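The values are calculated or read from the model by the stated rules, or taken from the named source; none is laboratory data. As the structure is a prediction and not an experimental result, all values here were calculated from the model. Virtual Cβ from ideal backbone geometry, glycine too; neighbours counted across all protein chains shown.
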Amino acid sequence: MTSHITSGTIDAAASGTWTLGDLTVNRVGFGAMRLPQHGEALVPDAVPRDREQAIRVLRRAIELGVNHIDTAAFYFSPLRSANELINQALYPYDDLVIVTKVGPGRDTSGKWLPHATPRQLRGQVEENLRQLGRDHLDVVNLRIVGTDPIAERFGALADLRDAGLIRHLGLSNIHAPHLAEAQAIAPVVCVQNMHGVGAAPEQARLVRTCGEQGIAFVPFYSIAGTGRTAGATADDHHSALRTIARVHGASAAQIRLAWTLHQGAHVLAIPGTGDVDHLAQNVAAGAIRLSESEVADLNSLSV
């Protein structure tokens, strides 16, 4: 059945639910990376977003049923911090699941620092606790770069979980062997990796592996694709994608999100935006039901 979407009238619950450990979330959440600034994210000279606009977006997300917020202490612009905005807008976080990540770091000018050592990870966890005003973190993802073993770093986070500072653990930007390495140390409730229409076969295999193990797969850049932090590019919308969007009365971005959710009941979405209208469109994508043939057509696309 064709699903025509009226943005702003659909609750995030339409996307269904999944559990991160013992925490139930709607499958459409909100990613806070773009919240502190306009334009390209995570660059030293980013233009700060208006504080009240950012707070309106966060509060509207909750009104639309979003109960899963993805953030990090290194999401900030010269004047705005995602964690600080979340704290101001949403504290005390009733029925919300706040997921953060550690590993990378930035100095006060926004310049990237070497990834944290196992000993430095505690300081990053404590910084997230301070900024969010919490005594524990719901989920902490270890974000990595490369193929080096992660046992020592993941083990440090497992120790913090045992100490009560973290409730559940996840991984970000990993290769398949990292998941088994981490699972030997402590349970993994989610994996965050780049994934979307046209993703590499390796990522599709990891999606399946997570589903087989009951682990949430949480893709980033599911809309932006190869545009990454700069956003989707104008030539990134294939004719098949545009055709499917017209059939559903939706945008290409909404179809990308819908395709993401059709990859498995364990697949979540965390699209980010600083605009309330785009937010409503992202949430509404959770109600789009693609046909098997439409999913197959999208599966065949490359970017």
Next item on the list: Would you please name the residue that is nearest to residue 74 (Cα to Cα), looking only at residues in region 24-45 that are in contact with a His (Cβ under 7 Å, 6 or more places away or on another chain) and either assigned to a loop (DSSP other than H, G, I, E, B) or among the aliphatic types (A, V, I, L, M) (or both)?
Entry: 29
Note to self: Checking the structure you have, find out if any residue of region 202-214 is more than 28 Å from residue 113 (Cβ to Cβ), modelled with pLDDT of 95 or more and not in a helix (DSSP H, G or I).
What the structure shows: yes
Margin query: Go through region 283-299 and report how many residues are farther than 14 Å from residue 255 by Cβ, touching a residue at least 12 places away in the same chain (Cβ under 8 Å) and either touching an Asp or Glu at 6+ places or on another chain (Cβ under 6 Å) or surrounded by fewer than 16 Cβ atoms within 10 Å (Cβ to Cβ) (or both).
Written below: 0
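Quick check: anything in region 158-175 without any contact (Cβ under 8 Å) to a residue 12 or more places away in the chain, aliphatic (A, V, I, L, M) and on the phi < 0 side of the Ramachandran plot? Give the steps one after another, and end with the answer.
Keep residues of region 158-175 that are without any contact (Cβ under 8 Å) to a residue 12 or more places away in the chain, which gives 159, 162-163.
From the residues that got through so far, the ones that are aliphatic (A, V, I, L, M) too are 163.
After this cut, where a residue has to be on the phi < 0 side of the Ramachandran plot as well, the list is 163.
Within region 158-175, one or more residues are without any contact (Cβ under 8 Å) to a residue 12 or more places away in the chain, aliphatic (A, V, I, L, M) and on the phi < 0 side of the Ramachandran plot.
Residues that are surrounded by fewer than 16 Cβ atoms within 10 Å (Cβ to Cβ), touching a Lys or Arg at 6+ places or on another chain (Cβ under 6 Å) and more than 23 Å from residue 26 (Cα to Cα): does region 73-86 have at least one? Steps first, answer last, please.
Looking only at region 73-86, we keep the residues that are surrounded by fewer than 16 Cβ atoms within 10 Å (Cβ to Cβ), and these are 78-79.
Still in the running and touching a Lys or Arg at 6+ places or on another chain (Cβ under 6 Å): none.
Taking every residue of region 73-86 in turn, none turns out to be surrounded by fewer than 16 Cβ atoms within 10 Å (Cβ to Cβ), touching a Lys or Arg at 6+ places or on another chain (Cβ under 6 Å) and more than 23 Å from residue 26 (Cα to Cα).
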Check: Could you list, in sequence order, the residues of region 245-254 that are modelled with pLDDT of 95 or more and within 25 Å of residue 208 (Cα to Cα)?
Finding: 254
Note to self: Could you check region 46-80 and list, in sequence order, the residues that are part of a strand (DSSP E or B) and of a type in the set (A, V, I, L, M, F, W, C)?
What the structure shows: 47, 69, 76
Note to self: Give all pairs with beta carbons closer than 8 Å in which a residue from region 111-132 that is surrounded by fewer than 17 Cβ atoms within 10 Å (Cβ to Cβ) meets a residue that is in a helix (DSSP H, G or I) and of a type in the set (D, E, K, R); count only pairs at least 6 apart in sequence or on separate chains.
What the structure shows: 117/153; 118/152; 118/153
